[in-house]
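The values are calculated or read from the model by the stated rules, or taken from the named source; none is laboratory data. Not measured: the values here are computed from a predicted model. For neighbour counting, all protein chains shown are included, and Cβ atoms are generated from backbone atoms with ideal geometry for every residue, glycine included. Ligands, DNA and RNA are excluded from the accessible area calculation, which covers all protein heavy atoms including side chains. Shrake-Rupley method; radii C 1.70, N 1.55, O 1.52, S 1.80 Å.
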Amino acid sequence: MHEELWALIKAAGGRTLALFTSWRAMRAAAEAVAPTVPWRLLTQDQLPKPALLSTFTEDETSCLFATMGFWQGVDVPGAALSLLVIDKLPFSRPDEPLMRARRDRAGAAAFRTIDLPRAASLLAQGAGRLIRSTTDRGVVAVLDSRLATAGYRWDLVRALPPMRRTADRDEVEAFLAQS
């Protein structure tokens, strides 16, 4: 995952918001790619959210690695955000008390009625960080193979805004080179 993340950041010339489903994954990714990233790399734990967003927006080549608090309510129009990377599909943790109670109540249908709609909504909200105006262009890269292989993948894909899809990194790199 870190190799793919680095290749995409390089192709985008920085300009990346990477969203992670856990603090541990965010920190591991930052630690793995920081030594080779020639652009400013910000992580969610470095500054308050408004300061991070301001710095990220003003420095067009910077990269920002963040967790669930940045999946919604973040507005970075223009060239500063050309690549949005999502590490994993945003399913709730199994031990989250509220979600566990909802699953218990739903019984056998819990995944289809509780987990899948919530993950689809969060994925769409995450993808929405990239396209904020009619002139915004870029790539949403979901690095979780379940989006391409799982039986429920179309439930998730249908929740996303209409966009061209590919699993070919060469296509992605060519598109980012034109952005």
* Would you mind counting up the charge near Val172? Only other residues with Cβ under 12 Å from its Cβ, with Lys and Arg at +1 and Asp and Glu at -1. => -1
* Note down, for the stretch 1-97, the three equivalent ellipsoid semi-axes (square root of 5 times each alpha carbon gyration tensor eigenvalue), biggest first, whole angstrom. => 21, 16, 12
* To do: Just the number, please: carbon plus sulfur as a percent of the accessible area of the stretch 1-61, 1.4 Å probe, no ligands or DNA/RNA counted.
  => 53
* Structure fact -> In whole angstrom, the spacing between the Cα centers of the stretch 97-170 and the stretch 1-43 equals 21
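Mind running the shape call on the stretch 26-72? Use the C-alpha gyration tensor, a ≥ b ≥ c as the square roots of the eigenvalues: rounded below 1.5 for a/c, prolate if a/b tops b/c, oblate otherwise. If you can, show how the numbers build up before the last one.
Values: a/c = 2.12, a/b = 1.20, b/c = 1.77.
Verdict is oblate for the stretch 26-72.
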* Rounded accessible area per residue of the stretch 75-179, 1.4 Å, Å² -> 57
* To do: Count the net charge of all other residues whose Cβ sits under 10 Å from the Cβ of Thr21, scoring Lys and Arg as +1 and Asp and Glu as -1.
  => +1
* Asked: Put +1 on the Cβ of every Lys and Arg and -1 on every Asp and Glu Cβ in the chain; which of Phe70, Gly14, Pro97 then has its Cα farthest towards the positive end of the dipole?
  -> Pro97
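Among the GluC sites (Glu not before Pro) within the stretch 26-122, which fall in a DSSP loop and have no more than 15 other Cβ atoms within 10 Å of their own Cβ?
Numbers: sites: Glu31, Glu58, Glu60; in loops: Glu60.
Answer in residue order: Glu60.
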* To do: Return the carbon/sulfur percentage of the accessible area of the stretch 111-179, one whole number, probe 1.4 Å, all protein chains in place.
  => 52
* Compute log10 of I(q)/I(0) for the stretch 106-179 with the Debye formula, placing one identical point scatterer on every Cα and leaving out solvent, at q = 0.14, 0.16, 0.20 Å⁻¹, to two decimals. => -0.52, -0.66, -0.94
